[in-house]
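Written out below as structure tokens is the structure these notes cover.
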Amino acid sequence: MDIMKACALTRYNVITDGDQVDLSKVRKALVKMGFKDIEENFQEDSSLGWIQLGNWHGVDFPKETWNFNEFIIFSLRQDLRTTAGSAVSRYVERKVQVLMNEQKRMVSKKERRDIKEEVEQELRAKSLLSTATYDVIWWPGLKDSMLWFFSADKKARGVFEDYFRTTFNPDIRLELIGAYSLAPRLRPKTKAWFTLPPTADLLDRLEEGAFLGPLFLMWLYKASLSGEVKGLRKEYEIRMSQSLLFQDDKRKVMLSGTGEEWPEADTAASNNRKLVKAKIDLVDGEDQYSWVQDYGMLDFKSLKAKIDGIGLEGEGPLMEMLYKEQCISAFLMVFEDLFAGFLESLGSTKPV
């Protein structure tokens, strides 16, 4: 039984105007907005574009590299060339001083600007590019399909969303999966809790559903004290370990250790502090999962899985991603069962 390497995950609903995504148009868009190398172009400080999974220079997207029947796989690559502002200032001042000593006069503003541009160009030529890649899995077969973005970093998520919008807008749109969209799907009665119309701003809708996050984490915390938590399908063994983060309007309280050593957690909870972040370990028979849950978004950080009957069947980025897809799909079934059990425990009245 293999162990899935830790990853982070953000989920989106993909909204389309048509009945089904045209994969030929998707491929053309990926190729058109594919990554363009700037390694030898020192005039550019950054580059962003789509690439094939595991191939930093693959931008042609032949079918066998990205289309896998039910889902498609590709990556976003971002190169950044950074030069420290302090280094620029230091070299500029050095050159200005040399010029002043040689010509026995003050340096004009225009000359200083020219020197700064010259220094920036020189430092760019010496600086190394930093490269980041973010993998994407997308199920395009349905009108309202799902997409996984393998990062929970707010800045990376913003870069991805903007570039996805630039690539496909207005034909295809992204909607973050939060409590607002997940709760009514898992338990239709909760739809009455949300009053904003579907046309409302996405951030407003996410904020309206954010009240469920701390309640869900506190529900898990209380369950971890007994070691078991009940979903709708079955019971799971659960514990919270390493850290809990409580917060009220004035301050945050971080607790470390194991659940048995946390009388402070009960005190924090009784003082109306919200549980806003926790590391969770869950056992489902022979299967094991661990992840870090933040109350604000239903995303996952440091997600690991060890699942009986699912193993890595080869080497390379593609085989690893196919294995990861199976593990995460199994995990999400468990997570959504837990979240549905939590919603059921709240009854039909919206919690305050």
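The values are calculated or read from the model by the stated rules, or taken from the named source; none is laboratory data. Keep in mind it's a predicted model, so treat the numbers as computed, not measured. Cβ coordinates were reconstructed from backbone atoms using ideal geometry, including for glycine residues, and neighbour counts include every protein chain displayed.
Residue count for region 325-349 satisfying the condition of being surrounded by fewer than 21 Cβ atoms within 10 Å (Cβ to Cβ), in contact (Cβ under 8 Å) with a residue 60 or more places away in the chain and farther than 15 Å from residue 186 by Cβ: 1. Apart from one condition, residue 105 fits all of (1) at pLDDT 85 or above; (2) part of a loop (DSSP other than H, G, I, E, B); the exception is (1). Looking across region 71-83, the residues that are of a type outside the set (Lys, Arg) and under 18 Å from residue 150 (Cα atoms) come down to 71, 72, 73, 74, 75, 76, 78, 79.
Here 178, 158 are screened, and the one residue that is closer than 23 Å to residue 302 by Cα and buried (at least 21 other Cβ atoms within 10 Å of the Cβ) is 178. Considering region 134-233, the qualifying helices (runs of 4 or more DSSP H), each wholly inside and each with 2 or more residues that are farther than 29 Å from residue 326 by Cβ and at pLDDT 90 or above, run over 154-168.
The sole residue among 298, 318, 322, 312 that is under 18 Å from residue 182 (Cβ atoms) and in contact (Cβ under 8 Å) with a residue 40 or more places away in the chain is 298.
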